[in-house]
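Colleague: Below: one structure in structure tokens.
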Amino acid sequence: MPFTDLSLADCRDYRPTLPVPADFDAFWSRTLDEARSCAADKPSFTAVDTGLTQVRTYDVTVPGFAGQPVRGWLRVPAGASEPLGCVVEFLGYGRGRGLAHENLLWASAGYAHLLMDTRGQGWSAAGGDTADPDGGAAGVVPGFLTRGIESPETYYYRRLFTDAVRCVDAVRDRPEIDPERIVVTGVSQGGGIALAVSGLVPGLAGVMPDVPFLCNFRRGAEVSGRPPFTEIAEYLKLHRDRTESVFATLSYFDAALLATRATAPALFSIAMMDDICPPSTCFTAYNGYAGPKDVTVYAFNGHEGGAEYQQREQLAWVASLFAGLPSGQAGHS
């Protein structure tokens, strides 16, 4: 896979001007206030028997956008001292939450770990259990990038970003979790969601976006060689008269723009041969990120990014982050 985007030096200097809707902050404040006010049901956490002895697992349902149920798994190390630090993870495009005994990295490291299911997705890996009442059942085929794109009010990622915020709200209320020690993370789409949450939720302890998607939509649609960004180009190829209105909608959901509202420390990873989330789009978010930040660059990797190498970096980073907090509160066993 050859280089297809800007050089690393050019990416580090790349700071495009992103369009900012006049009502951007008001839109998100209203959206989240509405979601919180209409959630008649409280989050539920039901213990499940996985056969694992060192990890306790809960089947989670959180009232998300419009109070609609969002599924997830909460995994907690058995016997760990509390309150625990918590990693909230969001999934890549097409992935679902999978089975109860999977994804044990963060619980094995001594943290609580909430893995959020992605409404309507789950067709490509693991399987999903969360329907999108405004856009179809779980597991439908893609794409989601143009679903409801006629208006910010109806756009798919308005619902998904709100779900993610409500999942952070839910773990903050759990007695075994320290609300001041919550880190959000994800790969690709999950990284973009983590960036969105970083700009929408104050007081996070950290943010770890890997090869983040949903950043600088216009450039992604123009230079990306593979889906999902190409879904926008295909839509506009058909609807030739909608270019400006489409990018006007997308401006409300640009994770790179939301990242300019963030304050928590962040550890990014970016792959320079990524033709799905081109590095210039990821660096748009990194360069504009408003909080303390660092980035690991994988010069010869595509969208797989750092994978297990980046997990090693993250484990060390979270341990160091929590170790710098007041003693007895980090929640790491």
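Colleague: Would you check if GLU153 is within 21 Å of PRO21 (Cβ to Cβ), out of contact with any helix residue (DSSP H, G or I) (no Cβ under 8 Å at 6 or more places or on another chain) and open to solvent by 10 Å² or more (accessible area, probe 1.4 Å)? Break it down stepwise before answering.
Modeller: On the way: within 21 Å of PRO21 (Cβ to Cβ): yes; out of contact with any helix residue (DSSP H, G or I) (no Cβ under 8 Å at 6 or more places or on another chain): yes; open to solvent by 10 Å² or more (accessible area, probe 1.4 Å): yes.
So GLU153 fits the description; yes.
Colleague: Being open to solvent by 40 Å² or more (accessible area, probe 1.4 Å) and over 13 Å from GLY186 (Cα atoms) is the filter here, so list the residues in the stretch 79-101 that pass it.
Modeller: Across the stretch 79-101, the qualifying residues are GLY79, SER81, GLU82, LEU99, HIS101.
Colleague: Go through the stretch 187-203 and give me each residue that's surrounded by 24 or more Cβ atoms within 10 Å (Cβ to Cβ) and hydrophobic (A, V, I, L, M, F, W, C). It would help to see each step written out before you state the result.
Modeller: Within the stretch 187-203, the subset surrounded by 24 or more Cβ atoms within 10 Å (Cβ to Cβ) is 187-199.
Selection gives VAL187, ILE193, ALA194, LEU195, ALA196, VAL197.
Colleague: Would you say LEU195 is in contact (Cβ under 8 Å) with a residue 40 or more places away in the chain, of a type in the set (A, V, I, L, M, F, W, C), part of a helix (DSSP H, G or I) and touching a Lys or Arg at 6+ places or on another chain (Cβ under 7 Å)? Lay out the reasoning, then the answer.
Modeller: Values: in contact (Cβ under 8 Å) with a residue 40 or more places away in the chain: yes; of a type in the set (A, V, I, L, M, F, W, C): yes; part of a helix (DSSP H, G or I): yes; touching a Lys or Arg at 6+ places or on another chain (Cβ under 7 Å): no.
No.
Colleague: I need the full set of residues from the stretch 103-143 which are modelled with pLDDT of 95 or more, outside any helix (DSSP H, G or I), open to solvent by 20 Å² or more (accessible area, probe 1.4 Å) and farther than 17 Å from MET208 by Cα, in order please.
Modeller: LEU104
Colleague: Of the conditions (1) surrounded by fewer than 18 Cβ atoms within 10 Å (Cβ to Cβ); (2) in contact (Cβ under 8 Å) with a residue 60 or more places away in the chain; (3) over 18 Å from ARG172 (Cβ atoms), ARG36 clears all except one; give me its number.
Modeller: (3) is the only condition that ARG36 fails.
The values are calculated or read from the model by the stated rules, or taken from the named source; none is laboratory data. These numbers come from a predicted model, not from an experiment. Neighbour counts are summed over all protein chains in view; Cβ atoms, including those assigned to glycine, are modelled from backbone coordinates with ideal geometry. Surface areas here come from the heavy atoms of the whole protein model, side chains and all, with no ligands, DNA or RNA. Shrake-Rupley method; radii C 1.70, N 1.55, O 1.52, S 1.80 Å.
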